[in-house]
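Encoded as structure tokens, the structure appears first; notes follow it.
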Amino acid sequence: DPVLQADQRVVLPKRAKTISMLRLDATVCTVAHQPGKRPVDYLKMCEPALWGSINRAWVIQPNGEIKDHGVASWNTQAQDELAPGALLWAPTRGSGWSQAASMLMAQFLATQDYSTIVSLKNGPQGSQGPHGLQRTQGAQTNLPWLNADPFTAPGQPPRDAIWTSNNWGMIGLMQTPSARFAKAGEVRFNLSRIYPYLRYNVFVQPFDSLEVGFRYTDIKNRAYGEAALSGDQTYKDKSIDFRVRLLEETAHLPQVALGMVDFGGTGLFSSEFVVANKRFGNLDWSLGVGWGNMGSSGNIGNPFSLVTKRFDTRGGTSAQGGSPNTTAFFRGPAALFGGLQYHTPWPNWVLKAEYEGNNYQRQPLSNNQSQRTPLNVGLVHRYHPALDISLGVERGNAIMLGFTLHTSVAKLHAPKVSDLPTPG
């Protein structure tokens with residue numbers, strides 16, 4: 001901030017008071033800037049008939065900063081407010097513009113003096129601006145049906161979805177997993193308690209489409225071994241899990257994941273599953289099929305039995321663990337499971353409801369539990385950006401309590417300290 005000399009003066013350049021959207025047909029829609037409005041709001045003004053067919057919007061701020069945001073009901077994200085003079089680029093689905101090509105377009109626009117594009121030399125509506133661009137006025141969207149989103153609370157700004165751990169430490173509902181994944185680099189430690197199980201879960205996300213975890217289960221009502229040798233020691237079980245994304249969600253297709261529970265441990269709670277998720281604003285639906293412990297209710301026939309009857313019988317467990325039991329994978333009874341997550345109007349609260357496929361009369365170690373209903377309900381509170389607290393009712397007669405600590409190692413860094421001077 002230099003000191004001005006007597007012969008110097010300060011010039012404040014004129015700044016546009018509008019927001020403009022570059023359309024696919026080479027026209028520019030210009031509307032007045034409104035404080036608090038997000039990209040999706042301006043899309044509704046400029047493309048009242050097409051905004052529902054736009055997946056992502058690229059925002060070029062007046063300072064050249066570029067950000068892209070999901071703006072459809074299935075991928076809505078938190079969106080930055082646009083500064084006066086900002087430019088929007090948002091091709092519709094099926095237009096042929098890939099995300100990579102749209103980013104290149106946004107980067108090109110950020111290098112241009114697009115203030116001339118925004119103002120179009122202040123020409124009247126329909127006048128021709130630089131590069132043959134035509135100026136048009138944005139439509140006004142005062143009609144309630146046009147602004148309404150049945151899956152979003154009225155007046156609620158766009159926000160990121162919250163994906164939280166289930167009882168087993170993986171991202172899901174309560175007992176059931178989902179096809180949702182955290183961002184690469186996330187590490188989670190989860191503790192869940194529902195009698196008679198106390199589970200310690202550690203999960204990492206090495207890639208966007210892969211989740212790997214380790215679990216230590218304490219079974220409170222079973223002894224570890226002979227009382228004379230183990231004393232009061234309760235039974236302990238170790239397991240290794242993984243999930244991998246098979247299909248990424250689009251406007252019309254769900255996200256699909258395949259996973260295995262306890263595939264490298266004793267197999268006491270071993271399960272395999274395929275699950276799909278589809279999001280509609282604040283609602284996220286899941287539906288899957290599970291085998292093993294997760295499918296022990298057998299509410300459907302094993303689909304692989306159509307190939308060979310060998311899939312009707314599931315292999316046993318291993319006393320020591322340490323190696324995958326391939327004779328059990330996708331074999332035995334199968335069951336449908338699914339549920340719903342609702343991101344409430346309160347930003348850090350999530351409601352969950354699910355139907356699980358477990359039969360608690362077939363628990364490992366003959367540790368059968370009463371189950372009044374296969375429906376479970378729960379509530380998750382993101383008390384802190386790194387801490388989730390879960391509370392729920394499962395089996396119709398048991399209380400679940402859980403805590404999850406999570407962070408991203410991708411964001412961790414250590415300052416570099418300069419070396420000491422070389423001795424003279």
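The values are calculated or read from the model by the stated rules, or taken from the named source; none is laboratory data. Predicted, not measured: the structure shown is a model, and the values here were computed from it. Note that we place each Cβ from the backbone using ideal geometry, even for glycine, and neighbour counts take in every protein chain shown. Calculation scope for accessible area: heavy atoms of the full protein, side chains included, ligands and nucleic acids excluded. Shrake-Rupley method; radii C 1.70, N 1.55, O 1.52, S 1.80 Å.
Accessible area per residue for region 275-398, computed on protein heavy atoms with a 1.4 Å probe, is 50 Å².
Of LYS238/LYS278; LYS183/LYS278; LYS14/LYS67, which ones are farther than 29 Å apart at the Cα?
LYS238/LYS278
Of all trypsin sites (Lys or Arg not before Pro) in region 24-111, which ones are in loop regions per DSSP and have a Cβ with at most 16 other Cβ atoms within 10 Å?
ARG93
Ligands, DNA and RNA are left out, and with a 1.4 angstrom probe the accessible area of region 1-72 is 57 Å² per residue.
Take the Cα of ASP1, step 7 Å toward its Cβ, do the same at GLU81, and the gap between the two points is 2.3 nm. Placing +1 on each Lys and Arg Cβ and -1 on each Asp and Glu Cβ, with no other charges, gives region 294-403 a dipole about its Cα centre of roughly 280 debye. Projecting the Cα atoms of HIS33, VAL11, MET45 onto the dipole axis of region 7-48, where Lys and Arg carry +1 and Asp and Glu carry -1 at the beta carbon, places VAL11 farthest toward the positive end. Taking VAL350, VAL307 and ordering them by how much accessible surface each has at a 1.4 Å probe, largest first, produces VAL307, VAL350.
Solvent-accessible area of ARG188, all protein chains in place: 10 Å² (probe radius 1.4 Å, heavy atoms, ligands and nucleic acids excluded).
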